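**Student:** Before anything else, here's the structure in question.
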Amino acid sequence: MWTGTGALPGPDIPAAATERPDRLHHLDSLRIALSALVILHHAAQAYGPKDWWYVEGQPKAQWIETFAVLNAPFKMSLFFLIAAYVLPIAVDRRRSRPYLWPRLKKLGGPILIGFFLVIPVLMWAYYLSFRDYGPIGFSDYYWQVYMGGGSEPAGWSGPTWPDRQFGHLWFIQHLLLYSLVYLAWRMVAERIRIRRGLPAAPGTRRVPEHVGGTAVLAFAAIIAVGTAVLRIWFPVDEWVGVLEIIQTERADLAQYIPFVVAGVLAYRRGWLQTLPTRVGLAWLAAATGLSLVYVVFRAELAGFFEWGGASVGQFAWAGYETVLCVGFALGLLVLFRDHVRGTSRLQRSAAQATFAIYLIHLPIVVGLQYAARDLPVGASGRFVLVAGVGFVVSVAAALVLRRIPVVRAIL
């Protein structure tokens, strides 16, 4: 007889849904796949999209721009969900030991190293290669241009003055911010629970809670409406420094924050185990279908969709992008959950190094893009070469760096 609470196991709910494993191995493989997508996206920036990038004047291919458009909506949201999923685990395991300092060291250290050392080198190379202000030594560039100690040159080419930026480290910044918010919430919630005579830690449900199609639809609706409303005032690709330091594309916050909340709740309630396969695959089919529609009718849709303002085109893109975001995210979750049975030693090592891969891949990719500038191949060939070599070198470098004790403490 079934005596537990929550959902009865059924034909569409995986058998693992009645278990609470300490480690969901499929998330390891999924993080590696997402790392590869991030590297592919940044490799594509020089050869497809018309956005500002660290390397200019490269041949372009329309299919690479289309790939970047379709790849962008979901990968970082899914990264946030996975990071949020493991956050309560880390806090629970430390129990009475302080968690704030280790989190600040883990995330704050790489942010500072990247901002003060890595990004300045990339921006100096850009200054020398793609600006007509004459040669300048790194030391002078660092203080006068990157940090803004000098005067802004006439006709400054941008993208901003001064050159200082966090680049891809915005993701680490947001992880740190969301972690601090979660820790503050835990402190308040634990005090309330203790006053009510409840255990301080909320714990997890012995039997995972069923999450169905209606809940997923409501989740998607929240994202779509929030995105459409935000983009009335904050268009896509408009980056600002919230509190002067937190690099933020406000147009996407309505996607990221719900995925963070969903990740925390998914751990407590077991949603990743009980998400029905048919629901995930249905959303994946919808996202795939809309992607194919975009590929076939790219010119018409690109002319109709808008990235900001109170217009039909903007609202349409917010809904379209939400289906891509939720569809690919849920589809990948159920595909990896249902078909990845454990991981090899190399996979586990690579999964543990995904944070390091994310941190170091950008200078590697940009360096390869510089190196490929004179190759006798077009945009497609350069993209494939940079993406493939960039992924292999980034993973290998991350694995090697993590063998160094001092570095491993941060990465």
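**Student:** In degrees from 0 to 90, rounded to the nearest 10, what is the angle of the helix 277-296 Cα long axis to the longest principal axis of the chain?
**Tutor:** Here the helix axis deviates by roughly 20 degrees.
**Student:** Oh, and also: What residues have an amide H closer than 5 Å to that of residue 46, excluding those fewer than 5 places away on the same chain, when H is modeled at 1.01 Å from N in the peptide plane?
**Tutor:** When sequence neighbours closer than 5 places are left aside, there are no close amide H contacts.
**Student:** Run down the aspartates and glutamates and flag those whose C-alpha is under 18 Å from the C-alpha of residue 60, throwing out any fewer than 8 positions away in its chain.
**Tutor:** 51, 374
**Student:** At 7 Å along the Cα-to-beta-carbon direction for both residue 152 and residue 371, put a label point, then send me their distance in nm to one decimal.
**Tutor:** Going by the 7 Å Cα→Cβ label model, 3.7 nm.
**Student:** How big is the dipole moment of region 20-408 about its Cα centre under a simple scheme where the beta carbon of each Lys and Arg is +1, that of each Asp and Glu is -1, and everything else is neutral? Debye, nearest 20, please. Let's see the in-between values first.
**Tutor:** Working: 37 positive and 22 negative charges, 514 e Å.
About 2480 debye.
**Student:** Normalised by the residues of the chain, what does the relative contact order come to in percent, with Cα pairs under 8 Å and at least six apart? Working shown, then result.
**Tutor:** Working: 504 pairs, mean separation 118.9, N = 411.
Over the chain, the number comes to 29 percent.
**Student:** Can you give the FRET efficiency for residue 196 and residue 104, using 1/(1 + (r/R0)^6), R0 = 22 Å, r = Cβ-Cβ distance, to the nearest 0.05?
**Tutor:** 0.10
**Student:** Ok, one more. Given the C-alpha centroids of region 142-175 and region 191-231, what is the distance between them in whole angstrom?
**Tutor:** 38 Å
**Student:** Right, next: Can you give me the Cα centroid spacing of region 293-357 and region 260-276 in angstrom?
**Tutor:** Centre-to-centre (Cα) distance: 19 Å.
**Student:** What's the ranking of 300-306, 333-339 by average number of surrounding C-beta atoms within 10 Å, highest first?
**Tutor:** Ranked from most to least packed, the peptides come out as 333-339, 300-306.
**Student:** Rounded to the nearest 10 degrees, what's the angle between the helix 119-130 long axis and the longest principal axis of the chain, both from Cα atoms, 0 to 90?
**Tutor:** Value to nearest ten degrees: 40.
**Student:** Mind checking which lysines have their C-alpha under 30 Å from residue 105, skipping anything on the same chain fewer than 8 residues away?
**Tutor:** 75
**Student:** Shifting gears a bit: Each residue of region 103-111 in turn: what ³J(HN,Hα) in whole Hz from Karplus with 6.51, -1.76, 1.60 and θ = phi - 60°, glycine and Pro shown as x?
**Tutor:** Here the 3J(HN,Hα) series is 5, 5, 5, 5, 9, x, x, x, 4 Hz.
**Student:** Something else now. Under a crude label model (7 Å from the Cα following the beta-carbon direction), how far is residue 352 from residue 246 in nanometres?
**Tutor:** The answer from the label model is 3.1 nm.
**Student:** Please find, in a Gaussian network model of the chain (springs between Cα atoms separated by less than 10 Å), the residue of 222, 113, 32 whose mean-square fluctuation is greatest.
**Tutor:** 113
**Student:** Additional query: Could you give each residue of region 345-350 its phi-based ³J(HN,Hα) in whole Hz, using Karplus coefficients 6.51, -1.76, 1.60 with θ = phi - 60°, and x for Gly or Pro?
**Tutor:** Coupling constants for region 345-350: 4, 5, 4, 5, 5, 5 Hz.
**Student:** Would you kindly derive the ³J(HN,Hα) couplings of region 357-374 from the backbone phi angles with the Karplus curve 6.51 cos²θ - 1.76 cosθ + 1.60 (θ = phi - 60°), listing them in order in whole Hz, with x for Gly and Pro?
**Tutor:** Per-residue couplings from phi come out as 4, 4, 5, 9, 5, 5, x, 5, 5, 5, x, 5, 5, 5, 5, 8, 4, 9 Hz.
**Student:** Taking the 0 to 90 degree range and rounding to the nearest ten, how far is the long axis of helix 213-233 tilted relative to the main principal axis of the chain, both from C-alpha atoms?
**Tutor:** Between helix and principal axis, roughly 30 degrees.
**Student:** While we're here: Which one, (1) 25; (2) 43; (3) 28, gives percent of Cα pairs over 36 Å apart as derived from the coordinates shown?
**Tutor:** (3)
**Student:** Next question, about the same structure. Stretched out fully, how many nm does the piece from residue 132 to residue 232 gain, at 0.36 nm a residue minus the Cα gap? All intermediate terms of the calculation are to be shown ahead of the outcome.
**Tutor:** Values: separation 100, 0.36 × 100 = 36.00 nm, distance 3.64 nm.
Stretched fully, the residue 132-residue 232 segment lengthens by 32.4 nm.
**Student:** For residue 288, project a label point 7 Å along Cα to C-beta. Then give me every residue of region 308-340 with its amide nitrogen under 16 Å of that point.
**Tutor:** 324-339
Read-outs: derived from the displayed coordinates by stated rules, not from any lab. Everything numeric in this text was worked out from a predicted model, so none of it was measured. Because the Cβ atoms are built from the backbone with ideal geometry, glycine has one as well, and the counts that use them run over all protein chains shown.
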